[in-house]
Amino acid sequence: MMSDLLNLSQISPVKPLLGRTRWVMGNWKMNPLTVQDAVMLAQGCQQRYAQCVETYPQCRVGIAPGPLHLVSVAQALGHLPMDLIAQDVACHSMATGAFTGDISAPQLHAAGVRWVLVGHSERRLVHGEHSSVLEAKLQAAIRAGLGVILCVGEQLHERENGQAQVVVLAQLAAHLSSLQALSTAQVLIAYEPVWAIGTGETASPGDANVMHGIIRDYLTVQVPHLSQVSILYGGSVKADNAAALAACTDIDGVLVGGAALESGTFGPIIEAFATAMV
Ligand code: 13P
């Protein structure tokens with residue numbers, strides 16, 4: 001589906017990874033139903049990760065439970081090395097106060113959260129979050145000491161109209177001045193084509209790699225110190241396509257939805273990215 005837009009001849013030949021960290025991150029979205037199920041899932045993921053982490057320390061794993069489950073999951077994981085991710089954050093920098101329904105960045109930080117998703121297409125499209133709100137969330141997260149996973153990706157009609165690259169680069173450009181102030185330890189980019197999310201329709205590894213290369217080239221020019229930022233792919237990542245994605249030179253990790261909801265399907269994805277280092 002993607003090859004009508006992007007020139008596959010642009011796929012870069014094998015390049016060294018230059019020591020970029022590999023990431024496998026699970027976005028649980030509004031799942032599972034109960035706190036107990038969330039804790040059990042987290043423990044299962046932690047077990048799978050523990051089997052890899054000593055041998056492959058350059059692969060890191062994170063999970064993003066829903067807000068109701070975050071604290072119980074953090075407590076259950078203790079000091080084990082998985083990163084805790086929040087799916088959303090309030091769009092202001094107040095730590096506490098009269099903000100009904102909000103969870104502040106300092107509250108997330110205090111609860112043991114390390115990263116926050118900003119710009120996921122479900123926030124952009126379902127909740128109408130535009131770049132000004134996303135920018136405020138990004139700023140709030142950074143001020144509180146959280147890292148940001150900035151999600152970008154085009155919709156199907158944009159891809160079909162040949163606009164994929166323009167849309168993705170515009171989504172990055174909207175946060176350029178913030179990105180210029182961040183280090184590679186503070187930000188990850190997640191490329192998630194909207195048409196591939198939850199549909200079973202995955203961007204082919206080669207095509208995803210091309211878009212990752214475009215993102216990296218853009219950052220190399222606009223924010224040179226982020227030229228080696230890790231860029232994750234998201235959209236119907238499964239155990240059976242993870243190894244092919246992990247073999248791509250510009251795909252440094254994945255943001256996994258549905259397949260992150262069982263340790264039995266998340267585990268092989270971790271293993272694919274961990275072993276791709278060698
Ligand atoms: P799926 O893996 O279910 O397609 O979801 C991807 C996603 O949206 C991760 O943030």
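The values are calculated or read from the model by the stated rules, or taken from the named source; none is laboratory data. Predicted model only: the values in this text are computed from it and were never measured. Cβ coordinates were reconstructed from backbone atoms using ideal geometry, including for glycine residues, and neighbour counts include every protein chain displayed.
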Completion exercise
Per the filter on the stretch 268-278, residues surrounded by fewer than 22 Cβ atoms within 10 Å (Cβ to Cβ) and within 20 Å of ILE197 (Cα to Cα) are PRO268
Exercise for the section: May I ask you to list the residues in the stretch 231-278 that are over 18 Å from PRO57 (Cα atoms), of a type in the set (Val, Ile, Thr) and near the ligand (Cβ under 9 Å from one of its atoms)? Expected result: VAL237, VAL256
Fill in the blank from the handout: The number of residues in the stretch 199-227 that are within 17 Å of the chain's Cα centre (by Cα), more than 16 Å from LEU188 (Cβ to Cβ) and within 16 Å of the ligand (Cβ to nearest atom) is 3
Practice task
Name every residue in the stretch 217-229 that is crowded, with 19+ Cβ neighbours inside 10 Å and within 29 Å of GLY267 (Cα to Cα), in order of residue number.
Solution key: VAL229
Exercise for the section: Please identify the pairs in which a residue from the stretch 42-64 that is within 16 Å of the ligand (Cβ to nearest atom) has its Cβ atom under 9 Å from the Cβ atom of a residue that is at pLDDT 85 or above and of a type in the set (D, E, K, R), counting only partners at least 6 apart or on another chain. Expected result: VAL61/ARG48; VAL61/ASP83; GLY62/ASP83; GLY62/ARG114; ILE63/ASP83; ALA64/LYS29
Exercise for the section: Go over the candidates ALA259, ALA274 one by one and state the one that is part of a helix (DSSP H, G or I) and at pLDDT below 95. Expected result: ALA274
Exercise for the section: Output yes when any residue across the stretch 77-85 is over 14 Å from the mean Cα position of the chain (by Cα) and either farther than 25 Å from ARG22 by Cα or surrounded by 16 or more Cβ atoms within 10 Å (Cβ to Cβ) (or both), and no when none is. Expected result: yes
Completion exercise
Contact list, first residue from the stretch 112-127 and polar (S, T, N, Q), second anywhere and not in a helix (DSSP H, G or I), beta-carbon distance below 6 Å, six or more apart or interchain, is SER121/GLY153
